[in-house]
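Take a look at the structure below.
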Amino acid sequence: MMRLRSLGGLLGLTLLGLSGCQEGPKAGPAKKADPPAKVEKVPGEADLTTIHVTAEAEGRLGVATAKVERRKVGRTRTYGGEVMVPPGRSVTVSAPLSGTVMVPDGGRVPQPGDEVRKGQEVLRLLPLISPEARTQLSITMVETEGQVDQAETALAQSRNLLERQEELFRQKIGGSGALKDARANYQIAEATLNAAKKRSEALKKTLSGIDAGNLEPLALHADSEGLVKTVHVQPGQSVAVGAMLFDVESLDPVWVRVPVYVGDRRLIDLAADALVGELDDRSDHVPQSAKAVVAPPSGDPIAATVHLYYEAPNPAGTLWPGQRVGVRLPLAGETERLIVPRSAVLHDIHGGTWVYQKAADLTYQRVRVRIDHLAGNEAVLRDGPPAETLVVTDGAAELFGTEFGGAK
């Protein structure tokens, strides 16, 4: 009986479990939710630098374009240079006789850096004459007359040499280097003769004043126009004959010394003119031309450089001795380069250079370029858009501001 009850209970539990496992009514398939966003097209890199404008905006921005050109240009390379005073342009005035330094007629002794004109009185010298000084003055007078004779002979020789080199150059027999040397030697000989004559005249005037008993201060003038470099004496100071009094430097023209690596010298067109400008090559600064000059060979063996020299006009005095400048030297041969107007080039905050090329009507694309060098109002490129491409010249900065949200 107990076994039957157990079997009955077990059967009841089994039926109850089976009834709980029966499936209910089937549900339909679940509906998928829509995505929050959908990418129709992945933008390419070119899309990020492309600007679409309206016709009204294009007119308001004043957009103008020009074609990229490809033409042959002379190759150049920029080096650092140093402005210096040309040889023979720095003159030291010495005391022609013993005396006391006095203030000039203007009432002020020029200071270093002051500009003086040719023939301007710089100092006065009151001679100190003793019997020994009188004898020494006579001896000095004889020596000065001999210096005048020697200077006249040297000037005549240099004139003949200059005329000969000019004739050889006209006949295309002599070189331009020899002609420049001859012209420089003639200028030095002429300056030496003028200085000797002035010293002789001053001594004659002094001796005449001593003999007449009315000795007057001797005026000392600047032999050339330039700047006072150094004043070696002070008013009231007694100086001996031959003592240095002041130095005057002529700064128009000036020389520019350019250290060049010895391996680059053979690549440079040594006879061509160079361009001298600022080190930072600012857009508002126009480089000036400088002529190649012949100078004694020099260099720096430690830096493995040789020196090239160029003469630059300096009428406004903008170039100063010791000033560092950028010198663009022409290289031998020509090469084809891409050229765009300088106004088309834009600079980003990282120093990158760009132009806007016209991709289609009312569509402009910003393209990276690499600049080789600037030549006046043109930019010579190493890499850039192909020739005949239209690039924006007027309105490029406005497009740049529109692209980055800086313009309205």
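Only one residue in 114, 181, 105 is acidic (Asp, Glu) and touching a helix residue (DSSP H, G or I) at 6+ places or on another chain (Cβ under 9 Å), so which one is that?
181
Every residue in segment 155-178 that is part of a loop (DSSP other than H, G, I, E, B) and out of contact with any helix residue (DSSP H, G or I) (no Cβ under 9 Å at 6 or more places or on another chain), please.
Once the filter is applied, which keeps residues that are part of a loop (DSSP other than H, G, I, E, B) and out of contact with any helix residue (DSSP H, G or I) (no Cβ under 9 Å at 6 or more places or on another chain), segment 155-178 yields 171, 172.
Could you tell me which residue of segment 317-348 is modelled with the highest pLDDT, considering only residues that are assigned to a loop (DSSP other than H, G, I, E, B) and of a type outside the set (Ser, Thr, Tyr)?
Residue satisfying both the conditions and the ranking: 345.
Which of (1) surrounded by 12 or more Cβ atoms within 10 Å (Cβ to Cβ); (2) more than 30 Å from residue 228 (Cα to Cα) does residue 319 not meet, given it meets every other one?
Among (1) surrounded by 12 or more Cβ atoms within 10 Å (Cβ to Cβ); (2) more than 30 Å from residue 228 (Cα to Cα), the lone unmet condition for residue 319 is (2).
I'd like to check something: does segment 211-223 contain any residue that is assigned to a helix (DSSP H, G or I) and of a type outside the set (Phe, Trp, Tyr)?
yes
Within segment 300-309, is there a residue that is in contact with a strand residue (DSSP E or B) (Cβ under 8 Å, 6 or more places away or on another chain), at pLDDT 90 or above, surrounded by 16 or more Cβ atoms within 10 Å (Cβ to Cβ) and within 15 Å of residue 66 (Cβ to Cβ)?
Looking for residues that are in contact with a strand residue (DSSP E or B) (Cβ under 8 Å, 6 or more places away or on another chain), at pLDDT 90 or above, surrounded by 16 or more Cβ atoms within 10 Å (Cβ to Cβ) and within 15 Å of residue 66 (Cβ to Cβ), one finds none in segment 300-309, hence no.
Looking at segment 349-360, which of its residues are of a type in the set (Val, Ile, Thr) and in a loop (DSSP other than H, G, I, E, B)?
Once the filter is applied, which keeps residues that are of a type in the set (Val, Ile, Thr) and in a loop (DSSP other than H, G, I, E, B), segment 349-360 yields only 349.
Evaluate segment 277-296: report whether one residue or more is surrounded by fewer than 18 Cβ atoms within 10 Å (Cβ to Cβ), of a type in the set (D, E, K, R) and part of a strand (DSSP E or B).
Checked against the condition, which is being surrounded by fewer than 18 Cβ atoms within 10 Å (Cβ to Cβ), of a type in the set (D, E, K, R) and part of a strand (DSSP E or B), segment 277-296 yields at least one hit.
Residues of segment 362-407 being part of a loop (DSSP other than H, G, I, E, B) and loosely packed, with under 12 Cβ neighbours inside 10 Å, which ones?
Selection gives 376, 377, 386, 388, 404, 405, 406.
Which residues, taken from segment 250-267, are surrounded by fewer than 15 Cβ atoms within 10 Å (Cβ to Cβ) and under 10 Å from residue 311 (Cβ atoms)?
none
Yes/no per residue for (1) in contact with a Pro (Cβ under 7 Å, 6 or more places away or on another chain); (2) over 20 Å from residue 96 (Cβ atoms):
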site	(1), (2)
216	no, no
223	no, no
240	no, no
245	no, no
255	yes, yes
263	no, yes
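Take residue 113 and tell me if it is of a type in the set (Gly, Ala, Ser), farther than 17 Å from residue 205 by Cβ and in contact (Cβ under 8 Å) with a residue 24 or more places away in the chain.
yes
The values are calculated or read from the model by the stated rules, or taken from the named source; none is laboratory data. All values derive from a computational prediction rather than experimental measurement. Ideal geometry is used to build each Cβ from the backbone, glycine not excepted, and the neighbour counts take in all protein chains shown.
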